[in-house]
Amino acid sequence: MNPPKRVLITGAGSGLGQALALRFAAAGAQVACVDIQAERVQATLTQLSGSGHAAFTADVSDDASMQAMADAVLAGWGVPDILINNAGIASGGDVLEAPISEWRHLWEVNVLSVVRGTKLFLPSMLARGSGQVVNTASF
């Protein structure tokens, strides 16, 4: 019998990330839920069936926060079989109304977080010889 898959999902405190966490857990996977809000990620964790799940808090737009989360995951939970870079945010208003700082934050969360997550976990997957990276985008 193969061990359960380990799936790490960013943005798992709500929306699609939470739905993916529930679905993977129901299918027998061990899920590491990551979200910027500790209360939300803990709420998701309590809804998961099965065992071996974990919750981590991280700001996907911040290098140091993501590094600390990755260090904790790799040391205490293990190398994920599947990394789902799912965290994302939306902006309100049109281009002329939104300040450039909001666009920078959108870029950090919606684009560079995918690069951060991949750079932090892909080397361990490559060293092991297996793994999958899934990137989501939404509007």
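Apart from one condition, Ala98 fits all of (1) touching a helix residue (DSSP H, G or I) at 6+ places or on another chain (Cβ under 8 Å); (2) of a type in the set (A, V, I, L, M, F, W, C); (3) over 22 Å from Lys5 (Cα atoms); the exception is (1). Among the residues of the stretch 40-51, are any of a type in the set (D, E, K, R) and surrounded by fewer than 16 Cβ atoms within 10 Å (Cβ to Cβ)? Checking the stretch 40-51: not a single residue is of a type in the set (D, E, K, R) and surrounded by fewer than 16 Cβ atoms within 10 Å (Cβ to Cβ).
Residues checked against (1) touching a Lys or Arg at 6+ places or on another chain (Cβ under 8 Å); (2) closer than 13 Å to Gly11 by Cβ; (3) free of Cβ contacts under 8 Å to residues at least 40 places away in the same chain:
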site	(1), (2), (3)
Ala26	no, no, yes
Gln37	no, yes, yes
Thr46	no, no, yes
Ala58	no, yes, no
Ala64	no, no, yes
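When each of Ala12, Ala21, Ala32 is tested for being in a loop (DSSP other than H, G, I, E, B), modelled with pLDDT of 95 or more, in contact with a strand residue (DSSP E or B) (Cβ under 7 Å, 6 or more places away or on another chain) and buried (at least 23 other Cβ atoms within 10 Å of the Cβ), the lone residue that passes is Ala12.
The values are calculated or read from the model by the stated rules, or taken from the named source; none is laboratory data. This structure is a prediction, so every number in the text was calculated from the model and none was measured. All Cβ positions, even for glycine, are placed from backbone atoms using ideal geometry, and neighbour counts span all protein chains on display.
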